[in-house]
Ligand code: 5RP
């Protein structure tokens with residue numbers, strides 16, 4: 001199977017998961033990226049069962065609305081039974097690196113509200129130790145140089161994502177060369193740097209379920 005076919009397979013599996021686990025009338029959390037897009041397309045036929053969705057980015061909002069799925073403000077939503085999103089890397093503890101699409105902060109906020117975080121990805125994203133994929137860090141623009149120096153002191157090589165502005169009006173530093181052996185500790189450490197909005201490690205709030213697309217079918221881990 002091609003990578004695109006694997007993404008479509010996990011997108012469909014996630015829609016099945018939502019149909020089985022999210023009560024009718026509830027609000028679905030929807031992530032960002034090419035795999036999340038496959039989920040949105042698979043969700044569309046059953047979208048009317050739900051009150052609507054909370055989107056983790058403006059791109060996702062637009063795609064949901066094109067499918068006729070109402071998009072709600074998170075401040076008007078108390079509970080999200082299921083949040084479905086992709087990842088750039090995921091380890092055996094279901095810790096993730098996210099933010100390749102730059103939506104990490106809103107993704108982390110939606111994940112914080114969600115009861116169950118369902119990660120969907122193809123088998124290439126599954127790793128033993130995270131860090132080969134550069135870790136995205138969203139920064140307030142005036143703090144960029146300061147944050148970059150602090151990240152370098154942690155052993156990484158931060159690179160500004162050129163020409164990119166997040167949905168929140170900020171910039172992204174992609175940190176190369178980190179071997180992430182203590183995901184929770186590193187997540188907390190980077191978030192303490194003044195000027196960091198958030199970083200793309202999802203270890204304090206990892207996924208609860210992984211639907212992994214493989215050549216032999218979609219495998220479920222929890
Ligand atoms: C966006 C993300 C995405 O989930 C992540 O980058 C994976 O994207 P894709 O499914 O396109 O590989 O975190 O900020």
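The values are calculated or read from the model by the stated rules, or taken from the named source; none is laboratory data. Not measured: the values here are computed from a predicted model. Virtual Cβ from ideal backbone geometry, glycine too; neighbours counted across all protein chains shown.
Under the condition of being within 13 Å of the ligand (Cβ to nearest atom) and farther than 18 Å from residue 125 by Cβ, which residue from segment 56-67 is surrounded by the fewest Cβ atoms within 10 Å (Cβ to Cβ)?
58
With the requirement that a residue be touching a strand residue (DSSP E or B) at 6+ places or on another chain (Cβ under 9 Å) and within 15 Å of the ligand (Cβ to nearest atom), what does segment 16-39 give you?
Within segment 16-39, 29, 30, 31, 32, 33, 35, 36, 38, 39 qualify.
Taking the residues in segment 107-146 that are buried (at least 24 other Cβ atoms within 10 Å of the Cβ) and under 15 Å from residue 191 (Cα atoms) as candidates, determine which candidate is farthest from the ligand (Cβ to nearest atom).
139
Looking for whichever is within 16 Å of the ligand (Cβ to nearest atom), assigned to a strand (DSSP E or B), within 18 Å of the chain's Cα centre (by Cα) and buried (at least 24 other Cβ atoms within 10 Å of the Cβ) here; the options are 53, 87. Which one fits?
Of 53, 87, the one residue that is within 16 Å of the ligand (Cβ to nearest atom), assigned to a strand (DSSP E or B), within 18 Å of the chain's Cα centre (by Cα) and buried (at least 24 other Cβ atoms within 10 Å of the Cβ) is 53.
From (1) buried (at least 18 other Cβ atoms within 10 Å of the Cβ); (2) touching a strand residue (DSSP E or B) at 6+ places or on another chain (Cβ under 7 Å); (3) not in a strand (DSSP E or B), pick out the condition that doesn't hold for residue 175.
Status for residue 175: all satisfied but (3).
When both residues are 6+ apart or on different chains and their Cβ atoms are under 7 Å apart, which pairs have a first residue that lies in segment 108-127 and is farther than 30 Å from residue 1 by Cα and without any contact (Cβ under 8 Å) to a residue 24 or more places away in the chain, and a second that is within 12 Å of the ligand (Cβ to nearest atom) and assigned to a strand (DSSP E or B)?
none
Any idea which of 13, 42 is more than 18 Å from residue 114 (Cβ to Cβ) and either at pLDDT 95 or above or within 12 Å of the ligand (Cβ to nearest atom) (or both)?
Checking each option against the conditions leaves just 42.
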